[in-house]
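No lab work stands behind these numbers, since they all come straight from the coordinates. What you see is a predicted model, and the numbers here were worked out from it, not measured in a lab. Ideal geometry is used to build each Cβ from the backbone, glycine not excepted, and the neighbour counts take in all protein chains shown.
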Amino acid sequence: MKKKNEFLYFAFRNKKLVIGFVIFVFFLVLAIIGPFITRYEPLDYAGMGSESPNFEHIFGTTFFGQDVFSQFVYGLRASFIVGFMGGGIATLVGLLVGFFAGYKGGFWDEMLMMLTNVMMVIPTVALLIILAAYLPYRGVEIQSVIIGMTAWPWTARAVRSQTFSLKQREYVSLARISGFSTLKIIMQEIAPNMMSYVFMVFILQFGGSILAAVALDFIGLGPTEGISLGLMMQNAVHWNAIQLGIWWWSILPGLAITMIVGALYFMNTGLDEVFNPKLREM
Amino acid sequence: MGKYLRRKILIYLITFFVAVTLDWFIPRMMPGNPIDSILARVAKMPSQEQVQILRSHLMKSFGMDVPIFEQYINFWGAMFKGDLGVSINYFPKPVTEIIKDALPFDLLLTVPALLLSWVIGNKFGAFAARKKRMDNWVLPIWYIISAMPYLWLGILLSWTLGVNMDLFPVAGAYSFSREPSFSWEFIIDYLHHWVLPFLSLFIVQLGGWAIGMRNMIIYELEADYSRYMETMGMPQKLIRRYAYKNAILPQVTGLAIQVGLLVTGALTTEIVFSYPGIGYLLNQAILRQDYFLVQGCFLFIIIGVLLANFAIDIIYVFIDPRVRHSVGGDGA
């Protein structure tokens with residue numbers, strides 16, 4: 001129990017972690033309550049076209065007169081869903097593959113690492129493009145699954161090498177001699193020792209999924225229904241918003257993504273310092 | 001060393017095989033097929049008979065009138081002859097030719113961005129590590145920079161430097177009025193268009209490299225050999241130089257991973273700036289469901305990434321004495 005308190009103590013004192021967390025929560029709350037406080041549906045024509053930010057439309061309107069703020073909060077929601085789902089799937093698959101390869105070793109290790117290396121060299125986005133291009137209907141959930149299923153390799157590799165070193169510890173050998181099953185050893189002896197690491201991996205995968213989704217949306221493979229931050233930027237670029245001076249349409253969604261992903265990176269570094277005394281500020 | 005390279009080559013061959021198979025497989029497994037989408041696009045046919053004739057003609061010209069396994073073999077055969085099919089959109093221009101025209105623009109954009117950001121980012125990161133003021137002020141900025149979507153930085157740059165200050169053009173790789181040639185005027189015009197897309201790729205990556213290097217240097221400075229040198233009273237400069245030599249190795253490996261990620265950056269940045277590289281081509285192909293062009297672009301991207309990875313592996317052998325002299329080694 002004392003150890004936990006120590007972590008909490010350092011967590012609250014870590015500026016990077018606190019700042020990152022506050023920014024993240026701010027956008028999360030906005031994504032959750034935003035759709036309830038907007039007066040317009042994201043795709044409705046709510047006013048004059050190309051209005052700059054004002055009291056009626058705090059983020060202005062698009063070229064067609066849609067309310068940018070409505071699109072923004074719904075888009076935020078989509079981004080968080082992709083982050084949670086895509087990041088979650090990527091972390092989970094990476095963990096399973098990494099644990100199994102690292103713990104079993106031998107043949108399974110060779111096979112799984114071969115798969116991992118192959119997946120790692122194939123550029124994720126190219127794979128996403130070819131998968132997404134042929135799906136006639138794409139929702140945010142399908143997008144998350146596709147992203148999650150392609151983003152796991154580096155996690156698997158890192159988890160494998162961690163498991164490799166952990167499984168040589170004595171308590172693991174003891175568990176094995178006692179006749180525990182592989183699954184039980186992984187779940188009870190190895191996984192708890194990697195929890196902090198896994199959590200940090202999840203944070204990075206969360207950010208990575210959001211960025212991947214933005215890129216996909218922008219290429220024209222976004223959700224076929226609804227709105228997302230990447231889709232907003234795609235529309236804005238498509239209709240030459242920058243040349244026409246409608247900056248709020250494309251700058252604001254990108255700014256939100258930069259801040260969310262930046263906040264996640266801050267949290268990741270902060271947590272690293274909390275869990276790893278060597279890195280703490282001296 | 002031999003074993004290390006053999007292993008790597010094996011992995012690349014398998015990757016290539018998997019990628020080509022996927023490339024071939026996916027369009028055929030998905031609902032709807034390219035022939036129907038072409039037929040749907042052709043204006044009203046007078047009779048059903050003519051639709052059938054056109055269909056069988058298309059089936060034949062796209063090689064889809066033979067059993068599926070044979071199609072797969074034919075796909076490989078055609079690929080080695082450099083035949084990736086004919087674009088539906090730019091009909092009857094072959095896909096290979098379209099991509100060949102776009103490729104130089106990609107290479108001249110991505111290769112300098114990758115290498116320059118790597119060199120400069122590493123220097124910056126190594127310089128800033130374990131310097132308090134640097135860490136407190138510069139590090140957060142790097143984190144924010146590396147969190148930017150490439151395309152957003154592109155939009156931001158074209159808004160500020162392009163539209164507001166009117167310093168650089170925001171679309172195309174050269175002015176409409178010019179034809180590509182090796183004259184000074186064209187080169188200057190080209191470079192003028194090149195600056196903004198280059199910067200959007202360069203800046204985002206710079207942040208990542210700098211952070212990576214800073215973390216690695218801190219890690220190395222904590223290592224026993226650094227501590228030992230410190231107690232021996234060796235100058236800080238020398239200790240840092242050793243740390244740098246060790247820290248650069250993971251950064252070279254990182255280069256291989258970054259090549260794959262850079263593809264995303266290049267694709268989206270080219271769309272922002274209507275830059276006529278493979279990314280822009282791919283975007284157009286997707287929007288117009290030009291299946292063969294999508295396939296061709298995918299294949300070229302894969303080949304490019306594989307070649308880059310292989311080059312980096314060979315470089316790695318030369319700079320890491322442990323691999324160079326290893327007997328067996330773990331080769332990871």
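Spread over its residues, the convex hull of the C-alpha atoms of the protein assembly as shown is 211 Å³ per residue. When only alpha carbons are used to place a centre, the range B:173-252 and the range A:23-45 end up 39 Å from one another.
For the range A:92-214, the spherically averaged projection of the C-alpha convex hull amounts to 8.3 nm². If a spin label sat at a point 7 angstrom from the Cα of A:Leu183 along the line to its beta carbon, the backbone N atoms of the range A:79-104 nearer than 18 Å would be those of A:92-104.
Database remark: amide H of B:Val86 closer than 5 angstrom to the amide H of B:Val95 (H placed geometrically; neighbours at sequence offset of 5 or more, or on other chains; Pro and chain starts carry no H).
Counting lysine pairs in the range B:95-328 whose alpha carbons fall under 21 angstrom apart, excluding pairs fewer than 8 residues apart on the same chain, gives 8. Working ranking of peptides B:108-114, A:164-170, B:166-172 by packing, defined as the average number of other Cβ atoms within 10 Å per residue, highest first, is B:108-114, B:166-172, A:164-170. Ordering A:Leu95, A:Leu135, B:Leu282 by the number of other Cβ atoms within 10 Å of each residue's own Cβ, fewest first, gives A:Leu135, A:Leu95, B:Leu282. Residues whose amide H comes within less than 5 Å of that of A:Glu51, counting only those at least five positions distant or on another chain, are A:Thr61 (H built at 1.01 Å from N in the peptide plane). In degrees between 0 and 90, to the nearest 10, how far off the longest principal axis of chain B does helix B:2-29 point, with axes built from Cα atoms? So the helix axis and the longest Cα principal axis differ by about 30 degrees. Estimated from helices alone, the mean residue ellipticity of the protein assembly as shown at 222 nm is -24500 deg cm²/dmol (sum of -39500 (n - 2.57) over DSSP H runs with n ≥ 4, per residue).
Each residue of the range A:75-88 was assigned a 3J(HN,Hα) from its phi angle through the Karplus expression (A = 6.51, B = -1.76, C = 1.60, θ = phi - 60°), giving x, 4, 4, 4, 4, 5, 4, 4, x, 5, 6, x, x, x Hz with x at Gly and Pro. By its C-alpha gyration tensor, with a ≥ b ≥ c as the square roots of the eigenvalues, how is the range A:1-125 shaped: rounded for a/c under 1.5, else prolate for a/b larger than b/c, else oblate? Oblate.
Take each residue in A:217-223, count the other chain C-beta atoms within 10 Å of its C-beta, and the mean is 5. Within 10 Å of the Cβ of each residue in A:258-264, the mean number of Cβ atoms contributed by other protein chains is 5.
The string of couplings for the range A:170-178 from the Karplus curve (6.51, -1.76, 1.60, θ = phi - 60°) is 5, 5, 6, 4, 4, 4, 5, 4, 6 Hz, one whole number per residue in order, with x for Gly and Pro. Axis of helix B:278-287 versus longest Cα principal axis of chain B: the two differ by about 40°, to the nearest ten degrees. Shape analysis of the range B:95-328 based on the Cα gyration tensor places the equivalent ellipsoid semi-axes at 38, 22, 15 Å, largest first. Its relative contact order, with pairs defined as Cα atoms under 8 Å and 6+ residues apart, puts the range B:95-328 at 29 percent.
Taking every residue in B:139-148, how many Cβ atoms of other protein chains lie within 10 Å of its Cβ, on average?
That average works out to 6.
Averaging Cα coordinates gives a centre for the range B:94-156 and one for the range A:59-125; these two points are 22 Å apart.
Seen from all directions on average, the range A:156-282 presents a Cα convex hull projection of 11.9 nm². Counted by neighbouring Cβ atoms within 10 Å, the residues B:Ile211, A:Ile219 run from fewest to most as B:Ile211, A:Ile219. Relative to the longest principal Cα axis of chain A, at what angle does helix A:2-13 sit, 0 to 90 degrees, rounded to 10? Approximately 30 degrees, to the nearest 10. Note on B:Asp224, A:Asp272, A:Asp67: ascending count of other Cβ atoms within 10 Å places them as B:Asp224, A:Asp272, A:Asp67, the fewest first.
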